[in-house]
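The values are calculated or read from the model by the stated rules, or taken from the named source; none is laboratory data. Just so we're clear, the structure is a prediction, and the values are computed from it rather than from any experiment. In this analysis, Cβ positions are derived from the backbone assuming ideal geometry, glycine residues included, and neighbour counts consider all displayed protein chains. The protein model used for the area step is the full one, side chains on, heavy atoms only, and it has no ligands, DNA or RNA in it. Shrake-Rupley method; radii C 1.70, N 1.55, O 1.52, S 1.80 Å.
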Amino acid sequence: MLTKTQPGGIVLLHDGAGPQTVAALRTILPDLAGRFTLIALPAPTSEPQTLR
């Protein structure tokens with residue numbers, strides 16, 4: 001993931017994977033933050049979205 005990330009890319013992580021996710025973030029986030037501007041996407045709303 002670190003070698004494939006490019007400007008404008010989106011990194012998706014699942015929060016239910018357990019402690020290994022937190023451990024990985026300790027490496028991933030400093031690396032990405034050193035190379036890119038990181039922006040958190042807004043949390044989804046509780047209202048379901050309808051595709052039109």
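Just checking, how many residues over segment 17-35 are closer than 15 Å to residue 6 by Cα and open to solvent by 40 Å² or more (accessible area, probe 1.4 Å)?
Here is the first cut: in segment 17-35, the residues closer than 15 Å to residue 6 by Cα are 28-29, 31-35.
In the following step, the residues that additionally are open to solvent by 40 Å² or more (accessible area, probe 1.4 Å) were identified as 29, 31, 33-35.
The qualifying residues number 5.
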Candidate set: segment 1-12, residues that are farther than 14 Å from residue 37 by Cα and open to solvent by 100 Å² or more (accessible area, probe 1.4 Å); chosen: the one modelled with the lowest pLDDT: 12
Starting from segment 6-23, take each residue that is over 17 Å from residue 42 (Cβ atoms) and list its partners that are at pLDDT 85 or above and open to solvent by less than 70 Å² (accessible area, probe 1.4 Å), counting only C-beta distances under 8 angstrom and pairs at least six apart or across chains. 7/36
Out of segment 13-45, which residues are hydrophobic (A, V, I, L, M, F, W, C) and modelled with pLDDT under 90? 13, 17, 22, 23, 24, 25, 39, 40, 41, 43
